[in-house]
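The values are calculated or read from the model by the stated rules, or taken from the named source; none is laboratory data. Keep in mind that what you see is a predicted model, and the values were worked out from it rather than measured. Here the Cβ positions follow ideal geometry from the backbone for every residue, glycine too, while neighbour counts run over all protein chains shown. Keep in mind that these areas ignore ligands, DNA and RNA; they rest on the heavy atoms of the full protein, side chains included. Shrake-Rupley method; radii C 1.70, N 1.55, O 1.52, S 1.80 Å.
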Amino acid sequence: MKELATMNVNQAALLDRAKEILHFNWKEGFTIPCGKLYPFQWNWDSGFVSMGWGHFNLDFAMAELKSLFSGQWENGMIPHIIFHSENETTYFPNHDFWGTHINPGAPNKPKTSGITQPPVHGFVLEELLAQHPDKSELEGFAKMLFPKIVASHRFFYQYRDPDREGLVFIYHPWESGRDNSPLWDESLDRIEIDYTTLPPYQRLDNSIADPSERPTSQQYDRYVYLLELGRRNQYDGPGIAQESPFLVQDSLINAILIKSNESLIRLGERWRLDVQEIREWQQQSRKAFQSKLWNQELQSFIAYDKRADKAILHKEIGGMVSLFAGIPTEEQAHRINAYLMDLHQRGFYICPSFDVDSSLFDSKRYWRGPIWPQMNWMIYQGLKAYGCHKTAEIVRQDLLELVSRLGFSEYFESQKQLLNDITKGYGGGNFSWTASSVLDLIQNP
Ligand code: GLC
């Protein structure tokens, strides 16, 4: 196999293709992650996508976010899916299945899902402003969006932090953005399903993508069970924290919340707005993240199972995003950096989404081991900020190499030795956040 340094990545061709893909996935005002597999607008995807558009079409970048926020609920929540078209039949669960009219603060149009995803929009807005420091229409747009993003953070602190710890919970693996990560296995296994009450359903993802690269049906039953639990509680009621067998303080969602808080504080100060409320959230969240989520044995930030009241002892990619939020001490950052360098030396592309030394690692199955483009983007930024330039550059180059060899897939094989026998990436193809991550890594290294 070719060495990294000699691998010929044709950046100009990658940029052209990335732009083509975003245009291809553009649907009158927003961008779908990928045709057929994900035919609507997704929450955190749209943040990364907006950043990608920002490099060559600022109008579309702004339209993307505007369109996402048209689905914001009165309680501030940005849903994880906005169903702009109601006739699409290739996706389960569709808007009907979510039945969000159960909550009077959910918009009637567009229809949405009833759960959320990592709050990337604060830092995305700051990125866009940094890309275009002199565009007054962007400045006006950003000031309009700012209070909506603050409201989405307030949602997290009001509805997802019942003990006022500064760490917010998720009650569905889909909220983490890492649907079938082994992190959730134990908590999901605790759920005993009464099949007489589980609503009948038929998943569609498996007929579009290879089932061996997707979650199992046992996991899917639990996803539907938790959706149903949310619906019973109007998707924001106190019953969720009281009843849900799945209640987790995830490292990734909390790190991204902290990262976006930081951006909101900086932007608010620049515009002389009152940011005291955000500062208070931030102070408490940073402290709690450090004291509750760092695990000395694993030398890593971990997730915490609030229902079982115990740490989820796995090393995985969410904890590494703490670098991007500026959370680790120099010493902790040094540990994370050394771990990534070691993986690189052992013949892995970095960063695999799960602990390669665990028996639960599966380099092909979704969030159980493959490389994910937007994760590489965030970890690249984090490593750079900590001065770990060598590792940062490997993280960047690994993704560019994978994309140039295997195309703009949803996710990728993480074991280099398997690459010779593989001709494509995993999951969906022509993927929007893959295109956006590549665009930014090339245009704004
Ligand atoms: C999958 C991913 C999630 C993403 C969505 C759309 O569900 O796990 O993170 O937002 O696809 O791309």
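Before moving on, here are some points about what is shown:
- Index of the failed condition, Q234 passing every other in (1) within 15 Å of the ligand (Cβ to nearest atom); (2) surrounded by 16 or more Cβ atoms within 10 Å (Cβ to Cβ): (1)
- Qualifying residue in the stretch 412-424 (condition: among the β-branched types (V, I, T) and within 16 Å of the ligand (Cβ to nearest atom)): no
- Residues that are within 15 Å of E28 (Cβ to Cβ) and either hydroxyl-bearing (S, T, Y) or more than 19 Å from the chain's Cα centre (by Cα) (or both), drawn from the stretch 43-62: S46, N57, D59, F60, M62
- One residue stands out in the stretch 96-116 among those that are in a loop (DSSP other than H, G, I, E, B) and touching a strand residue (DSSP E or B) at 6+ places or on another chain (Cβ under 7 Å): the one that is nearest to the ligand (Cβ to nearest atom), namely S113.
- The set of residues in the stretch 48-97 that are under 14 Å from K109 (Cα atoms) and among the hydroxyl-bearing types (S, T, Y) comprises S67, S70, S85.
- Filter pass, A18 being surrounded by 17 or more Cβ atoms within 10 Å (Cβ to Cβ), away from the ligand (no atom under 14 Å from the Cβ), more than 21 Å from E410 (Cα to Cα) and in contact (Cβ under 8 Å) with a residue 60 or more places away in the chain: no
- Pair list, Cβ < 6 Å and 6+ apart or interchain, from the stretch 21-48 residues that are under 19 Å from G122 (Cα atoms) and open to solvent by 10 Å² or more (accessible area, probe 1.4 Å) to residues that are near the ligand (Cβ under 9 Å from one of its atoms) and in a helix (DSSP H, G or I): D45/W433
- Qualifying residues in the stretch 159-216 (those that are modelled with pLDDT of 95 or more, assigned to a loop (DSSP other than H, G, I, E, B) and open to solvent by 50 Å² or more (accessible area, probe 1.4 Å)) - the one nearest to the ligand (Cβ to nearest atom): P162
- Checked against the criterion of being within 16 Å of the ligand (Cβ to nearest atom), surrounded by fewer than 20 Cβ atoms within 10 Å (Cβ to Cβ) and more than 19 Å from the chain's Cα centre (by Cα), the candidates D362, D357 yield just one match: D362.
- Any chance K390 is free of Cβ contacts under 8 Å to residues at least 60 places away in the same chain and over 26 Å from Y38 (Cα atoms): yes
- Some residue of the stretch 395-402 being in contact with a Gly (Cβ under 8 Å, 6 or more places away or on another chain) and either without any contact (Cβ under 8 Å) to a residue 24 or more places away in the chain or open to solvent by less than 10 Å² (accessible area, probe 1.4 Å) (or both): yes
- Test: L298 is open to solvent by less than 10 Å² (accessible area, probe 1.4 Å), at pLDDT 95 or above and of a type in the set (A, V, I, L, M): no
- Flag for M51 being crowded, with 24+ Cβ neighbours inside 10 Å and either within 10 Å of the ligand (Cβ to nearest atom) or in a loop (DSSP other than H, G, I, E, B) (or both): no
- Identity of the residue in the stretch 338-359, in contact with a His (Cβ under 8 Å, 6 or more places away or on another chain) and in a loop (DSSP other than H, G, I, E, B), that ends up farthest from G318 (Cα to Cα): S358
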